[in-house]
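Student: The structure's right below; bear with me while I get my questions together.
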Amino acid sequence: MKEVVTSLVKKFYKSEFSVNVFKLFTGTSIAQLIGIALAPVLYRLYEPESFGVFALFVAVSSVLGTFSTFQYLQLVLLERKNDYAFNALWLCRLINIVFSLFVLFAILLFSVFIENWITNELFAKWLLLLPLTIFLKSQNEIFCVWANRCKEYNVLVVNGIILAVVTPLVSISLAYILSDETGLFLGLILGQIVSLLVLTFKLKRIYKFGFEKINFGTIKIMAIENKKFPLFLMPTEIINRVVNQLPIFLISKFFGVGAVGLYSLAIKMLEIPLRFIGNAIGNVFRQRASQDYVELGTCKRVFLKTSLILFSVSACPVVLIGLFAPEIFLFVFGSEWMSAGVYAQLLIPMIFFKLIASPVSYVFYIYKKLKEDFIIHIYMLISSWFILSFFYTKGHLESGIFWFAMNYSMVYIYQWIRSYRFTLIKI
């Protein structure tokens with residue numbers, strides 16, 4: 001028995017993929033456990049309405065953030081040569097700076113019109129934070145993708161833990177000083193700032209990110225040759241983010257920000273397994289699958305291995321949450337948040353299939369099936385809008401959430417099947 005265990009341990013350490021997954025999974029687990037431990041305190045200090053306004057802000061910034069790199073970010077990971085990847089990094093950084101300034105000037109120039117158009121006064125007062133959030137979040141994403149390309153998984157782990165600690169602690173501390181949602185917004189901003197500083201400091205010591213290495217001619221050629229990314233991938237990502245945030249926008253319209261707060265808590269807690277499992281495994285999968293595609297002409301082996309791991313580790317928590325979500329939410333967050341547990345039960349099938357399909361659907365990008373991915377997202381937008389609008393106009397909030405989740409589940413199943421079929425094609 002001892003020899004078997006020793007053999008398995010040696011085999012594990014020989015597998016770079018397994019070691020990297022374990023490293024990221026462990027770091028992500030620590031970060032998420034910190035978030036879980038602090039969540040009950042945070043949600044007892046702020047009202048559902050405060051979280052509703054905050055969720056609406058995050059939803060808007062997420063949709064606008066689609067334009068922040070024109071989706072050239074994928075090139076940082078996909079480029080074979082480091083010099084090209086470096087110039088792709090700076091292409092993304094420059095686009096992000098320009099777009100963030102554009103959003104700032106747009107808000108300043110059209111503030112009166114925007115405030116009249118927005119019916120929620122609480123949301124309107126936080127508009128000026130949008131460009132700052134877009135800038136910080138995208139810069140963080142750019143450096144994280146670079147760290148993933150270079151297999152700097154220790155940096156990603158430290159960054160995740162810092163975000164998990166700083167953001168909620170700031171919000172909790174300010175809740176005792178301020179009586180409104182301000183603490184949530186300042187926690188978000190300070191968490192992003194600290195995260196960016198840590199990423200910049202740790203990566204800059206190893207990789208030189210100065211202007212002296214930028215080749216603007218290469219950047220121009222790269223932008224033109226890869227125009228399919230903004231032409232196909234950016235519209236796809238816009239639709240994806242709109243669909244993800246569509247329940248929040250429509251719940252806000254038909255049921256108010258209090259209901260948004262409850263729904264956002266359900267989604268946030270359900271996505272913990274996604275961040276716990278999917279992101280850790282997905283980061284390693286994207287790097288390894290891209291490498292296998294270049295070197296072997298296919299990424300079938302790592303695709304099947306990753307899918308099996310995702311299914312194995314996600315089945316148990318998904319079943320537990322599906323069975324006991326209302327009781328869990330009641331015990332952890334208090335009676336005013338129990339409805340969020342009901343919403344979580346309705347959403348759990350979608351989260352389960354998302355856990356399995358979403359990380360490995362990166363195959364669509366590797367095999368450059370951007371047009372098909374775009375068509376899938378068009379369907380998701382139209383069908384989700386129809387389902388939610390149909391039920392919400394009739395006042396059926398829970399029915400809308402349930403059928404929205406069922407529709408999404410079928411899409412994730414289809415994406416996994418198509419992704420697998422792509423891996424059967426060997427270049």
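Student: Tell me, yes or no, whether the range 307-317 has at least one residue that is open to solvent by 80 Å² or more (accessible area, probe 1.4 Å) and either within 30 Å of PRO48 (Cα to Cα) or in contact with a Cys (Cβ under 9 Å, 6 or more places away or on another chain) (or both).
Tutor: yes
Student: A further question on this structure: Tell me whether the range 384-393 contains one or more residues that are more than 23 Å from TYR263 (Cα to Cα) and out of contact with any Pro (no Cβ under 7 Å at 6 or more places or on another chain).
Tutor: no
Student: Can you name every residue in the range 361-390 that is open to solvent by 50 Å² or more (accessible area, probe 1.4 Å) and among the β-branched types (Val, Ile, Thr)?
Tutor: Scanning the range 361-390 gives ILE375, ILE378, ILE382.
Student: Could you list, in sequence order, the residues of the range 365-388 that are over 20 Å from the mean Cα position of the chain (by Cα) and within 14 Å of TYR408 (Cβ to Cβ)?
Tutor: TYR379, ILE382, SER383, TRP385, PHE386, ILE387, LEU388
Student: Of the conditions (1) charged (D, E, K, R); (2) surrounded by 21 or more Cβ atoms within 10 Å (Cβ to Cβ); (3) at pLDDT below 90, LYS354 fails just one. Which one is it?
Tutor: It is condition (3) that LYS354 fails.
Student: So, ILE172, is that one surrounded by fewer than 20 Cβ atoms within 10 Å (Cβ to Cβ) and of a type in the set (A, V, I, L, M) or not?
Tutor: Yes: the conditions hold for ILE172.
Student: Could you list, in sequence order, all residues of the range 324-336 that are surrounded by fewer than 22 Cβ atoms within 10 Å (Cβ to Cβ) and in contact with a Phe, Trp or Tyr (Cβ under 7 Å, 6 or more places away or on another chain)?
Tutor: PHE333
Student: Give all pairs with beta carbons closer than 7 Å in which a residue from the range 364-387 that is without any contact (Cβ under 8 Å) to a residue 24 or more places away in the chain meets a residue that is surrounded by 20 or more Cβ atoms within 10 Å (Cβ to Cβ); count only pairs at least 6 apart in sequence or on separate chains.
Tutor: ILE387/GLY400; ILE387/PHE404
Student: Next up: So which residues in the range 391-405 are crowded, with 20+ Cβ neighbours inside 10 Å and more than 13 Å from LEU250 (Cα to Cα), if there are any at all?
Tutor: If the condition is that a residue be crowded, with 20+ Cβ neighbours inside 10 Å and more than 13 Å from LEU250 (Cα to Cα), then ALA405 is the only one that fits.
Student: Evaluate the range 307-320: report whether one residue or more is modelled with pLDDT of 90 or more, farther than 30 Å from LEU42 by Cα and not aromatic (Phe, Trp, Tyr).
Tutor: Yes - at least one qualifying residue is present in the range 307-320.
Student: Condition check: in a helix (DSSP H, G or I), out of contact with any Lys or Arg (no Cβ under 7 Å at 6 or more places or on another chain), of a type outside the set (S, T, N, Q) and surrounded by fewer than 22 Cβ atoms within 10 Å (Cβ to Cβ). Does LEU178 satisfy that?
Tutor: Against the criterion (in a helix (DSSP H, G or I), out of contact with any Lys or Arg (no Cβ under 7 Å at 6 or more places or on another chain), of a type outside the set (S, T, N, Q) and surrounded by fewer than 22 Cβ atoms within 10 Å (Cβ to Cβ)), LEU178 does not qualify.
The values are calculated or read from the model by the stated rules, or taken from the named source; none is laboratory data. None of the values given here were measured: they were computed from a predicted structure. With ideal geometry, Cβ positions are generated from the backbone for all residues, glycine too; neighbour counts draw on all protein chains shown. All accessible areas refer to the heavy atoms of the entire protein, side chains included, with ligands and DNA or RNA removed. Shrake-Rupley method; radii C 1.70, N 1.55, O 1.52, S 1.80 Å.
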